[in-house]
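Every read-out reported here was derived from the displayed coordinates using simple, explicitly stated rules and does not represent laboratory data. None of the values given here were measured: they were computed from a predicted structure. Here Cβ is always computed from backbone atoms with ideal geometry, including for glycine, and neighbour counts include all displayed protein chains.
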Amino acid sequence: MTRAAADPWYADGLKFTCTQCGNCCGGSPGFVWVHPLEIDEIARSVGMTSVDFIAKHTRSEHGRRSLLEVKNGDCEFLVRTANGKSACSIHAVRPLQCRTWPFWDSNLYTEKSWKAAARGCPGMNKGTKYDFVQIEV
């Protein structure tokens, strides 16, 4: 594919395969934004009402809701296993923010920003190739 001058730097696609390292879900504190419909879906999946889920598993930040973290900065739904792998205990209903990693605008802004994110994510630039349309969805 020949790129036009206006095409983004990743127009030819990018590679990513999750290695279950957990780096995107833990470590330094951050935000996992959840929208009301996502809260409803997650709450149902864990057998709670949305009101109870909000009270127990989210916090208000900047006028939005974010999932809580444990003391080390991990999302409280991240499960680290003895074999060094990590998994999300709500994987089937995880928020959009989680489902779209690593194809976040902040990582796609420049090739340099992608490379910076890849230093902390061993699955970036490896494995499955996603084409431009898949990345932009």
Before anything else, pin down the relative contact order of the range 59-112: Cα pairs under 8 Å, at least 6 apart, normalised by residue count, whole percent.
-> 15 percent
Under 5 Å between amide H atoms, partner at least 5 residues away or on a different chain: which partners does Tyr130 have, H built in plane at 1.01 Å?
-> Leu14, Lys15, Phe16
For the chain, what relative contact order do you get, as a whole percent, if you take Cα pairs closer than 8 Å and at least 6 residues apart?
-> 40 percent
Name the residues whose placed amide hydrogens come within less than 5 Å of the amide hydrogen of Arg65, ignoring near sequence neighbours (fewer than 5 apart) on the same chain.
-> Val34
Can you list the HN-Hα couplings for the range 18-30, worked out from phi with the Karplus curve (6.51, -1.76, 1.60; θ = phi - 60°), rounded to whole Hz and with x for Gly and Pro?
-> 5, 9, 6, 6, x, 4, 6, 10, x, x, 5, x, x
Förster radius 22 Å - calculated FRET efficiency between Val137 and Lys85 (Cβ-Cβ, nearest 0.05) = 0.25
Set the Förster radius R0 to 22 Å, insert the Cβ-Cβ distance between Trp9 and Phe31 as r into 1/(1 + (r/R0)^6), and round the FRET efficiency to 0.05.
-> 0.25
Within the chain, helix-based [θ] at 222 nm, where runs of 4 or more DSSP H residues each add -39,500 (n - 2.57), nearest 500 = -7000 deg cm²/dmol
Give a residue-ordered list of calculated ³J(HN,Hα) values for the range 104-112 (Karplus: 6.51 cos²θ - 1.76 cosθ + 1.60, θ = phi - 60°; whole Hz; x for Gly, Pro).
-> 7, 3, 5, 7, 8, 3, 9, 4, 4
Distance (nanometres) between label positions extended 7 Å along Cα→Cβ at Ala92 and Asn72 | 2.7 nm
Considering only Ala87, Ala55, Ala118, give the residue with the highest GNM mean-square fluctuation for the chain, with springs between Cα atoms whenever their separation is below 10 Å.
-> Ala55
For the chain: lysine pairs with Cα atoms under 20 Å, gap of 8 or more or different chains, count?
-> 11
Would you look at the GNM of the chain, springs on alpha carbons closer than 10 Å, and say which of Gly127, Gly63, Gly47 moves the most?
-> Gly63
So what J values fall out for the range 79-89 if you push phi through Karplus, 6.51 cos²θ - 1.76 cosθ + 1.60 with θ = phi - 60°, rounded to Hz, Gly and Pro as x?
-> 10, 9, 9, 5, 7, x, 8, 10, 8, 9, 6
